[in-house]
1. Restricting the search to the range 136-153, which residues are closer than 26 Å to GLN58 by Cα, surrounded by 20 or more Cβ atoms within 10 Å (Cβ to Cβ) and within 15 Å of the chain's Cα centre (by Cα)?
2. Looking only at residues that are aliphatic (A, V, I, L, M) and in a strand (DSSP E or B) in the range 271-313, which one is farthest from VAL247 (Cα to Cα)?
3. Does any residue of the range 228-238 turn out to be more than 16 Å from the chain's Cα centre (by Cα), surrounded by 17 or more Cβ atoms within 10 Å (Cβ to Cβ) and not in a loop (DSSP other than H, G, I, E, B)?
4. Could you count how many residues in the range 74-113 are crowded, with 16+ Cβ neighbours inside 10 Å, in a loop (DSSP other than H, G, I, E, B) and over 19 Å from the mean Cα position of the chain (by Cα)?
5. Mind listing whichever residues of the range 201-212 are farther than 18 Å from TRP169 by Cβ and at pLDDT 95 or above?
6. Taking the range 114-130 on its own, how many of its residues are surrounded by fewer than 19 Cβ atoms within 10 Å (Cβ to Cβ) and assigned to a loop (DSSP other than H, G, I, E, B)?
7. Name the one entry in LEU165, LEU177 that is buried (at least 20 other Cβ atoms within 10 Å of the Cβ), under 14 Å from the mean Cα position of the chain (by Cα), free of Cβ contacts under 8 Å to residues at least 60 places away in the same chain and closer than 24 Å to LEU273 by Cα.
8. Take the conditions of a type in the set (Ser, Thr, Tyr), more than 19 Å from LYS148 (Cβ to Cβ) and in contact with an Asp or Glu (Cβ under 8 Å, 6 or more places away or on another chain) and apply them to SER213. Does it pass?
Amino acid sequence: MVWSCSNPNANSSCSCFFDDSSGEVTVDCSRASSGEEIFSAFNNYIWLSTLLVNYGGQRRFLMTGNWAVEELAAGVFGNVTFDHIFIWGTNLVTVDSSAVLSSKDRLEQLTIANSLLGDFPFQILPQMTQLRGLQLDSNLLKSVPALKSQSLQNLSLSLNQIETLESGWSVPNLEILNISYNPISQFPSRLVDGMVKLNFFSASGCNVGPTLSSGSLSFHSNALQLVSLGGNNIARLEAGAITGLGVNTTFLLHENNIKVLTEDSFEPIFETLSLGNGKILLLGNPIQCNTGMSWLLLHPNAAMILKNVTHSLECAKGTSLLDLLLLRFLNNVLPFQWVNSVA
């Protein structure tokens, strides 16, 4: 059951609620008409700060559907610290670094989404020793520096305006990285190299095509479950563009512009995925099923790869896998030199 812990005699725009099932206290400032009102609630109303500072359970700050507050200034929370900060659907533009740092030894989850945030103090992350999740989706961020955090496990930056990711990231415990739907033209050098616990990577709907160059993404995680690069206008993968996929990884390359599955780029990927339950999704690519793909049909594990690995492989209009199957048949009954010259 949820109980009100607000002071009925206090004229504050922030409300207090206690959930006796979770033991969590929530301060909801969704009705605040300015950042100054939130500052006043935590700094001028002694009952609120006293209650929260003396409460030993989980504390959460909440602000949703607020179009008035544009800034969380320095000292906005007074001497109150939080385990969770959840801000969604607001006109928030600026967050002072001290507003977050005040909870540096406690904050586990920070969400500021569907807002107007144009910048974020990423440089404070090394000091946020308990921070596990940072979600800044659907804002106006344009660049992200080299992030450093020993605690961060979940980072989501989708649907911003990010054009640049700086190299030199150090987030060894990161498990989820979502940078989808940003106008990123290329991945920084060694972006995922040190992410040894990564299991989900999504960069769908970015702008990394038409050529994904060698060494673009080199994964080093044994836990890697999903890599999504759909909708990137990718036409060509250079050899070694994607390395380190696991035997059970699902690799999404759907809705790109790939016409040829080149042997030097795709054979190592198919070989790895075929060793387990790995999949590659190529739906929505104009793949030309012609002799340029003969290597795949002549592969000793071709039948298994086509059935289990290349999920929903479709040929572009006017081409057919039947032609390649015929080539495989000819390879079995005619001299290799003759078939190879036809290919």
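The values are calculated or read from the model by the stated rules, or taken from the named source; none is laboratory data. Please read these numbers as outputs of a predicted model, since none were measured by experiment. Cβ coordinates were reconstructed from backbone atoms using ideal geometry, including for glycine residues, and neighbour counts include every protein chain displayed.
1. LEU136, LEU152, listed by residue number.
2. Once the filter is applied, the top-ranked residue is LEU281.
3. yes
4. Counting residues in the range 74-113 that are crowded, with 16+ Cβ neighbours inside 10 Å, in a loop (DSSP other than H, G, I, E, B) and over 19 Å from the mean Cα position of the chain (by Cα) gives 15.
5. Once the filter is applied, which keeps residues that are farther than 18 Å from TRP169 by Cβ and at pLDDT 95 or above, the range 201-212 yields SER204, GLY205, PRO210, THR211, LEU212.
6. 7
7. LEU177
8. yes
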